[in-house]
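Here is the structure we will look at, set down as structure tokens.
The values are calculated or read from the model by the stated rules, or taken from the named source; none is laboratory data. All of these numbers come straight from a predicted model, not from anything done at the bench. Cβ sites come from the backbone with ideal geometry, for glycine too, and all protein chains shown count toward neighbours.
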Amino acid sequence: MKKLLNLNIFILISSLLILIIPYCVYALPEYAEITGQSCEYCHINPNGSGTLTLKGIIYKEELKSKGLYRKMSTTQKVIRFCIGFIHTITAIVWFGAIVYVHILLKPAYVAKGGLPRGELRLAWVSMFILAITGTLLTIARVPSTYALLHTRFGNLLLIKIALFFIMVTTATLMTFIIGPRLKKRRNMDFQKDQISFTPETLSNFDGKEGRGSYVAFKGTVYNFSASKKWKDGNHMKRHLAGNDLTAALEEAPHGEEMITAMPIVGVMNTSEVKLKKPLHERIFYFFAYFNLLIMFLIIFIISMWRWWI
């Protein structure tokens, strides 16, 4: 969880630095594309912004009549800014959790024991906040259905909303269907009286969330669960339970007697045929990388809003 916090802090600081970098926006290029005129056609300032010309005033009234423009008071702008700030911070935290689980923690780790409870709660709280703030921002930013359907901004917003709902749908499947099946399989492996281990079954005993800390050495599996030096399946922040550490002993400052003194729980059997992963586990891997792709698509759309439109 500490790694997740550090990652989110890094992403948050980086994103805020990008947001506060000054850049010039004088007028909407989309209006220039529609009218075929340069900025001084509607603005006294040749670079745009500021006082409108007579033609600019007439054009603004035309936009109002079509539902493409809605004036907001200072209070409304402040409220919209606060909601947008909460929306942005929540998105950064949510995306940081996705990056942590799918890139740093690895889907293979999650598949062994089910979805981490902390990250799962964080994801659902984030999605709830994003849904509420996103709805409010849409109401504030889009003055009419016509603007939503017939402007570039509106079209990109619809795509972003669709991608968000796809992620919510996959999160629902992962939480209530795939996740419980992964956890059930983990519990079955944990409760078995293990005699013969494969690398896959050994990896289930990683010392996390109450699971035992098992380590393979020279074909024998030892139980390190009672050792204080293997808390949470981690030894000296270098070696992890659930793995064969035969080769790693060469770098250790002690001999093999420290390992062989531990209780024996089974033997390694690497000759077994590797079984095909069950359907729910294969679906989990697909959704894991699929959500990662959607996350980057959403970031791409946000980038288009900021630097293209």
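At-a-glance table
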| read-out | value |
| --- | --- |
| Scan of region 153-167 for residues that are surrounded by fewer than 15 Cβ atoms within 10 Å (Cβ to Cβ) and either under 23 Å from Ser65 (Cα atoms) or in contact with a Phe, Trp or Tyr (Cβ under 9 Å, 6 or more places away or on another chain) (or both), ordered by number | Asn155, Leu158, Ile166 |
| Qualifying positions in region 156-179 - over 15 Å from the mean Cα position of the chain (by Cα) and without any contact (Cβ under 8 Å) to a residue 12 or more places away in the chain | Leu158, Ala162, Phe176 |
| Within region 260-286, considering residues that are part of a helix (DSSP H, G or I) and at pLDDT 80 or above, the one nearest to Gly96 (Cα to Cα) | Phe286 |
| Restricting region 211-238 to residues that are farther than 16 Å from His254 by Cβ and polar (S, T, N, Q), the residue that is surrounded by the most Cβ atoms within 10 Å (Cβ to Cβ) | Ser213 |
| Residue satisfying all of: in region 100-133; modelled with pLDDT of 80 or more and in contact with a Leu (Cβ under 9 Å, 6 or more places away or on another chain); farthest from Phe164 (Cα to Cα) among these | Leu122 |
